[in-house]
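To start, the structure under review is shown below, and the notes come after it.
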Amino acid sequence: RSLRSTRDSTGKPVNANTCGLKSLTVSLFKAFLGPNTARINNCQGPCVFPLSNPTYHASLLNSYIENGNAEERAPCCVPTAYDTLVVIKVKPEGTYICLQPNMLASECGCR
Amino acid sequence: RSLRSTRDSTGKPVNANTCGLKSLTVSLFKAFLGPNTARINNCQGPCVFPLSNPTYHASLLNSYIENGNAEERAPCCVPTAYDTLVVIKVKPEGTYICLQPNMLASECGCR
Amino acid sequence: QSSPQKRQCAFKNTTANKIFEDGGVVNGSVQVCESTQCCVGYYRIINDQPRVDILACDIVEMSCPNNACIAQPAQVLNNITSIKCACNTDLCNNNITWTS
Amino acid sequence: QSSPQKRQCAFKNTTANKIFEDGGVVNGSVQVCESTQCCVGYYRIINDQPRVDILACDIVEMSCPNNACIAQPAQVLNNITSIKCACNTDLCNNNITWTS
C-alpha cells in the first residue's frame with residue numbers, strides 16, 4: 001500500500017485567479033525525526049464570487065460583505081481536506097513510526 | 001427538540017487578540033422564504049503563535065512563515081464547525097421546510 | 001412568550017413537511033403551538049393569486065408583531081414569486097392580507 | 001530506483017512498529033525492501049553513545065545519496081537527542097558513522 005498518499009495531485013490546479021492548492025515543501029527537522037521535509041502544500045488565491053468550494057455560510061458571508069459591510073472578515077482560502085503523513089517520533093521509551101493526520105493539505109475552499 | 005441550535009453560545013468568546021467566534025446576523029431574503037434573518041456568526045481575529053485550535057498543517061505553515069517566508073498565505077481564522085438552520089425553500093411543486101447544513105458558524109480555528 | 005394559553009393556528013400542509021408537525025399537536029385544520037406565539041402562512045403567487053401551501057405554528061421566525069396576517073414583501077426564489085405572513089392571535093393565519 | 005535487484009537492509013525493531021514491517025519481507029535480522037533502495041537507522045543518544053532503536057528499509061525518506069550510513073545532524077525532540085542515517089547499499093545500515 002502507499003505510505004505517502006497520492007491525493008495531493010488530485011487537488012485543484014494552481015490558478016492565481018481563484019482559491020486553489022499550491023505546492024509547498026517545508027522542513028520537519030524541528031518536529032519529527034523523519035522525514036526531513038514534506039510537501040504539505042498550501043491553499044492560496046482570492047475568494048470572490050463565485051467562491052471556490054464554499055459552504056453556505058461562506059456564500060452568505062460573501063454576499064453580506066459585497067453589500068457594503070467591508071469591516072467583516074471576508075471568506076478566506078484554506079485547506080478543507082488533509083492527508084496523513086508517516087512520521088518518526090521520539091519518546092523516552094524509544095523511536096516510533098506513526099501516521100500523523102492533518103499534515104498535508106489536499107483540498108481548498110473559501111471559508 | 002430545539003429547531004435552532006444553541007451551540008452558538010458555546011463558541012469561544014469574542015476576543016480581539018485571538019481568532020474566535022463573533023456574532024453576525026445577516027438577511028436571508030434573497031436566499032430563502034424564511035427566516036428573514038439569521039445569526040450566522042463569523043470567525044475573526046489574528047492567527048499568530050500560539051494558534052487557536054490549529055491543525056498540524058496550520059502549525060507547520062505558521063512556523064514556515066515565521067522563519068521569513070512572508071509570501072506564503074498565512075493561517076487564517078475560519079469556521080471549523082457549523083450548525084444547521086431550519087429554512088423555507090420554494091420549488092415549482094410547492095413550499096418546503098428543511099434543515100440546511102453549514103449555515104451557522106459554531107467553532108473557529110486557524111487553517 | 002410565557003403566556004399560559006397556548007397559541008392555536010390554522011394548519012395546512014400541502015407538501016407534507018414533517019418538520020412543521022413538530023411545532024405542536026395537529027387536530028384537523030388546527031395546530032396547538034408547543035413553543036411559539038406566532039402563526040405563519042406561506043403562499044406562492046400563481047396567475048396573480050396567492051395559493052396557500054402551508055399554514056402552521058411558526059417554528060422558523062422569532063417574532064410576529066402583527067395581530068392580523070399581513071403579507072410581507074414578495075420574494076422571487078427559483079423564478080417563483082412567494083409571499084408569507086406571520087401573526088400573533090389565535091387562527092389569525094386563516095386569512096392573508098395582500099394587495100398585488 | 002529501477003534496479004532489478006531488491007535492496008537488503010539490516011532489520012531491528014525494538015519498539016515493534018508494525019508499519020516498518022510493511023517495507024518488505026523480514027527474515028531474521030534482514031529485510032528485503034519492497035519499494036525502496038534506501039536503508040535507514042534510527043538511534044537515541046544515551047550516555048553519549050548511540051543506542052539503536054530501528055534498522056529497516058527506509059519507507060519514510062525519499063532519497064539516500066550515501067553508500068555508507070553517515071549520521072545526519074542530531075535532533076533534539078522531547079528533550080531526547082536522536083540521530084539517524086540512510087544509505088543505498090545492501091546491509092549498509094548495520095554500522096552508523098557518527099562522531100559526538
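The values are calculated or read from the model by the stated rules, or taken from the named source; none is laboratory data. Here the structure is a predicted model, which means the values were calculated and not measured. Ideal geometry is used to build each Cβ from the backbone, glycine not excepted, and the neighbour counts take in all protein chains shown. Areas reflect the complete protein model, heavy atoms only, side chains present, ligands, DNA and RNA absent. Shrake-Rupley method; radii C 1.70, N 1.55, O 1.52, S 1.80 Å.
Among B:95-101, B:74-80, how do they line up from the highest to the lowest mean number of other beta-carbon atoms within 10 Å?
Values: B:95-101: 17.4, B:74-80: 24.3.
Going by the mean number of other Cβ atoms within 10 Å, highest first, we get B:74-80, B:95-101.
Would you mind listing the distances between the B:Pro92 label point and the same position in each other copy? Use 7 Å along Cα-to-C-beta, nm, one decimal, shortest first.
7.1
Take every residue in peptide D:44-57, count the Cβ atoms of other chains within 10 Å of its Cβ, and give the average of those counts.
If you average over the peptide's residues, the count of other-chain Cβ atoms is 2.
List the distances, in nm to one decimal, from the label point of A:Gly68 to the label points of the same position in every other copy, shortest first, placing each label point 7 Å from Cα along the Cα-to-Cβ direction.
4.7
Distances from B:Val48 to the same position in the other copies: list them in nm, one decimal, shortest first, using label points 7 Å from Cα along Cα→Cβ.
So the distances to the same position in the other copies read 2.9 nm.
Rounded if a/c is under 1.5, else prolate if a/b is larger than b/c, else oblate: which is chain D, with a ≥ b ≥ c the root eigenvalues of its Cα gyration tensor? Let's see the in-between values first.
Working: a/c = 2.02, a/b = 1.52, b/c = 1.33.
Note, shape of chain D comes out prolate.
Projecting each Cα onto the charge dipole of chain D (Lys/Arg +1, Asp/Glu -1 at the beta carbon, about the Cα centre), which of D:Trp98, D:Gly24, D:Ile46 comes out farthest on the positive side?
Towards the positive end, the residue furthest out is D:Ile46.
List, in order, the whole-Hz ³J(HN,Hα) value for each residue of segment D:21-31 obtained from phi through the Karplus relation with A = 6.51, B = -1.76, C = 1.60 and θ = phi - 60°; use x for Gly and Pro.
Per-residue couplings from phi come out as 5, 6, x, x, 5, 9, 10, x, 9, 10, 10 Hz.
Give me a comma-separated list of calculated 3J(HN,Hα) values for segment B:79-95, in order, Karplus coefficients 6.51, -1.76, 1.60 applied at θ = phi - 60°, integers in Hz, x for any Gly or Pro.
Along segment B:79-95, the couplings run x, 10, 8, 10, 10, 7, 9, 7, 10, 9, 10, 10, 10, x, 7, x, 9 Hz.
In chain B, what is the count of Lys pairs whose alpha carbons are under 26 Å apart, counting only pairs at least 8 residues apart or on separate chains?
On the way: B:Lys12/B:Lys22; B:Lys22/B:Lys30; B:Lys30/B:Lys89; B:Lys30/B:Lys91.
Pairs that pass both the separation and distance tests number 4.
What's log10 of I(q)/I(0) for segment A:57-111 at q = 0.23, 0.26, 0.27 Å⁻¹, Debye sum over Cα points only, no solvent?
Values returned for q = 0.23, 0.26, 0.27 Å⁻¹ are -0.85, -0.94, -0.97.
Could you give the dipole magnitude of segment D:8-97 about its Cα centre, charging the beta-carbon of Lys and Arg +1 and that of Asp and Glu -1, in debye to the nearest 20?
Values: 5 positive and 8 negative charges, 50 e Å.
With only Lys, Arg, Asp and Glu charged at Cβ, the dipole is about 240 debye.
With r as the distance between the Cβ atoms of A:Ser63 and C:Ser29 and R0 = 45 Å, compute the FRET efficiency 1/(1 + (r/R0)^6) and round to 0.05.
Details: r = 38 Å, r/R0 = 0.85.
Once rounded, the FRET efficiency stands at 0.75.
Quick one: in chain A, whose Cβ comes closest to the A/B rotation axis, and how close in angstrom?
Nearest to the symmetry axis by Cβ: A:Cys76, 2.
Can you tell me the alpha carbon radius of gyration of chain A divided by the globular rule-of-thumb value 2.2 N^0.38 Å? Numbers along the way, then the final one.
On the way: Rg = 17.4 Å, N = 111, 2.2 N^0.38 = 13.2 Å.
So chain A has a normalised radius of gyration of 1.32.
Give the average, rounded to an integer, of partner chain Cβ atoms located within 10 angstrom of each Cβ in B:74-81. Display every interim value, and only then the final one.
Values: counts 2, 4, 9, 4, 13, 7, 2, 0.
Neighbouring Cβ atoms belonging to other protein chains average 5 per residue here.
Let me have the relative contact order for segment B:7-110, percent, based on Cα pairs under 8 Å that are six or more residues apart. Don't skip to the answer; put the middle values down first.
Details: 217 pairs, mean separation 33.5, N = 104.
Computed over segment B:7-110, the figure is 32 percent.
Relative contact order of chain C, please, whole-number percent, based on alpha carbon pairs below 8 angstrom and at least 6 residues apart. Before the final figure, lay out the partial values.
Details: 239 pairs, mean separation 30.4, N = 100.
After rounding, I find 30 percent.
What total accessible area, in Å², is buried where chains B and C meet, using a 1.4 Å probe and rounding to the nearest 100? Could the numbers behind the result be given before it?
Values: alone 7330 and 6240 Å², together 11560 Å².
Using a 1.4 Å probe, the pair buries roughly 2000 Å².
Residues of B:85-94, mean number of Cβ from any other protein chain within 10 Å of their own Cβ, rounded to a whole number? Please report the intermediate quantities before stating the final value.
Values: counts 3, 5, 2, 11, 3, 11, 5, 4, 4, 11.
Neighbouring Cβ atoms belonging to other protein chains average 6 per residue here.
When a/c is below 1.5 the answer is rounded, else prolate if a/b is larger than b/c, else oblate, so apply that to segment B:14-79 with a ≥ b ≥ c taken from the square roots of the Cα gyration tensor eigenvalues. Write down the numbers at each step before the final one.
On the way: a/c = 3.57, a/b = 2.58, b/c = 1.38.
Prolate.
Relative to the first principal axis of the alpha-carbon coordinates of chain A, what is the inclination of helix A:56-66, with its axis defined by its Cα atoms, in degrees from 0 to 90 and to the nearest 10?
Once rounded, the angle reads 50 degrees.
Mind pulling up the Rg/Rh value for the protein assembly as shown? Radius of gyration and Kirkwood radius, both on Cα. Before the final figure, lay out each step's value.
Numbers: Rg = 30.2 Å, Rh = 25.8 Å.
Reported Rg/Rh (Cα atoms, Kirkwood Rh): 1.17.
By residue number, which cysteines of chain A lack any other Cys whose Cβ falls under 4.7 Å from their Cβ?
Within chain A, the cysteines lacking a partner Cβ under 4.7 Å are A:Cys98.
Run the simple label-point estimate for B:Thr25 and D:Thr89 please: 7 Å along Cα→C-beta, distance reported in nm.
My value for the distance between the label points is 7.7 nm.
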